[in-house]
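Chemist: Supplied in structure tokens, the structure appears directly below.
The values are calculated or read from the model by the stated rules, or taken from the named source; none is laboratory data. As the structure is a prediction and not an experimental result, all values here were calculated from the model. Note that each Cβ is placed from the backbone with ideal geometry, even for glycine, and that neighbours are counted across all protein chains shown. Heavy atoms of the whole protein, side chains included, go into the accessibility calculation; ligands, DNA and RNA do not. Shrake-Rupley method; radii C 1.70, N 1.55, O 1.52, S 1.80 Å.
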Amino acid sequence: MASPPLLLLALLSAFFFFSPTVHSSQRRQPPLLTTTYYTKSCPRFEQIVQDVTTNKQISSPTTAAAALRLFFHDCFVSGCDASVLISSTHFSKAERDADINLSLPGDGFDVVVRAKTDLELTCPGVVSCADILAVATRNLVVMMGGPYYTVKLGRKDALISRASDVEGNLPRPTMPMDQMIRIFNSKGFSVQEMVALTGAHTIGFSHCKEFSSILYNYSRTLQSDPAYYPEFAKSLRSACADYTKNPTLSVFNDIMTPNKFDNMYYNNIRKGLGLLSSDHTLSSDQRTRGFVELYSTNQDAFFQAFVRAMEKLSVYGIKTGKNGDIRRRCDSFNNN
Ligand code: HEM
């Protein structure tokens, strides 16, 4: 017969083994995302998203950059959960209407809506908007000549989207480097990962207002920030001359190869051909300069770092289980 302490131990372990607490805490473990998530429930998922992204990018070549920035802005505010796609209502101002998000171009939203429409016809109620945005972004990066990276699947869509949650979670071009690093670090991204992700500025464009403060009346003695290559500053001043009257005026982020996802952005910013103050700072700050130099001379190193950082970004703060759901429409919650 077991001695009393041993009996107690056996009883205790039996209790914990059968304990509902242990079981429910096991249930609370979020299932990991997988690459095969829709293999059975929606076998045509990848093909449908591929077709939609290809057609959309061909008809509107600004889509790739639009989706990439949209994805970044979605992920950094409460995770990659499609919260940025929700439209505001009379009662609540959603993330997309926070002032930093007002410049997110419609093409990024549109490509997701198109894929969602096709997917709802083929496998209704199965595929999340968050997964669509993640895969569409990857496909579009590849279409621009960028590297392929793995996107795991099974994200749920957010149940909350508040404009007031945005401030402080996204970098602004006029922020000092300390603050930019703090934002990325607070989400688990290193300085190196921040530099690699910002290589996204190899495509797309920026509105003149985003860099006007370093282009015009920079100081009492200087028209523009001396970080600009002087001739480049001159042509930017003329390209943006009317920006107050015409706020849509914008310039390619990478003036050398704007339609190619490559490492030219890093070459540009080393030569004073960056647009934003944050681009100039990236190549001058001693914490980031080394990575800029490496990526400007070695595209493989940039692509490898970008792949790792995007794979990490695309699972940041994801919702699974009861923390989210599968929206019927990407721009509104199911209970609306
Ligand atoms: C490091 C801090 C960053 C700052 C301060 C910053 C800021 C900006 C600003 C101000 C614009 C111009 C928006 C406009 O005028 O419409 C822009 C464009 C863009 N950003 Fe960033 N960004 C940063 C990092 C990133 C990252 C990490 C990504 C993606 C992984 C990204 C992707 C893009 C893309 C693709 C565009 C072009 C958008 C388009 O053409 O529609 N940015 N960024």
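Chemist: For the stretch 197-206, state whether one or more residues are assigned to a helix (DSSP H, G or I), in the same structural domain as Gly290 (by TED's automatic domain parsing) and away from the ligand (no atom under 13 Å from the Cβ).
Modeler: No: the stretch 197-206 contains no residue that is assigned to a helix (DSSP H, G or I), in the same structural domain as Gly290 (by TED's automatic domain parsing) and away from the ligand (no atom under 13 Å from the Cβ).
Chemist: Run down Ser224, Ser206, Ser190 and say which single residue is among the hydroxyl-bearing types (Ser, Thr, Tyr) and free of Cβ contacts under 8 Å to residues at least 12 places away in the same chain.
Modeler: Unique residue meeting the criteria: Ser190.
Chemist: Say we look at the stretch 218-254 and pick out the residues that are of a type in the set (Asp, Glu) and surrounded by 13 or more Cβ atoms within 10 Å (Cβ to Cβ); which of these is nearest to Thr62 (Cα to Cα)?
Modeler: Restricting to residues being of a type in the set (Asp, Glu) and surrounded by 13 or more Cβ atoms within 10 Å (Cβ to Cβ), the top hit is Asp254.
Chemist: Tell me which of these Gln286 doesn't satisfy, since it passes every other one: (1) in a loop (DSSP other than H, G, I, E, B); (2) within 12 Å of the ligand (Cβ to nearest atom).
Modeler: Failing condition for Gln286: (2).
Chemist: Quick one: which of Ser103, Ser59, Ser78, Ser128 is more than 18 Å from Pro171 (Cα to Cα), touching an Asp or Glu at 6+ places or on another chain (Cβ under 9 Å) and modelled with pLDDT of 95 or more?
Modeler: Ser128
Chemist: Restricting to the stretch 159-180, count the residues that are in a loop (DSSP other than H, G, I, E, B) and more than 15 Å from the chain's Cα centre (by Cα).
Modeler: Looking only at that region, the number is 10.
Chemist: Kindly indicate the residue of the stretch 157-178 that is surrounded by fewer than 13 Cβ atoms within 10 Å (Cβ to Cβ) and not acidic (Asp, Glu) and also nearest to the ligand (Cβ to nearest atom) among those meeting that condition.
Modeler: Pro176
Chemist: Tell me, please, whether a residue that is assigned to a loop (DSSP other than H, G, I, E, B) and open to solvent by less than 20 Å² (accessible area, probe 1.4 Å) can be found in the stretch 294-304.
Modeler: No - not one qualifying residue is present in the stretch 294-304.
Chemist: Only residues that are within 13 Å of the chain's Cα centre (by Cα) and charged (D, E, K, R): list them for the stretch 181-192, please.
Modeler: Across the stretch 181-192, the qualifying residue is only Lys187.
Chemist: Tell me, which residue of the stretch 145-158 that is touching a Lys or Arg at 6+ places or on another chain (Cβ under 8 Å) and assigned to a loop (DSSP other than H, G, I, E, B) is nearest to Asn259 (Cα to Cα)?
Modeler: Checking each candidate, the answer is Gly145.
Chemist: Residue by residue through the stretch 199-217, note down the ones that are open to solvent by 20 Å² or more (accessible area, probe 1.4 Å) and touching an Asp or Glu at 6+ places or on another chain (Cβ under 8 Å).
Modeler: Across the stretch 199-217, the qualifying residue is only His201.
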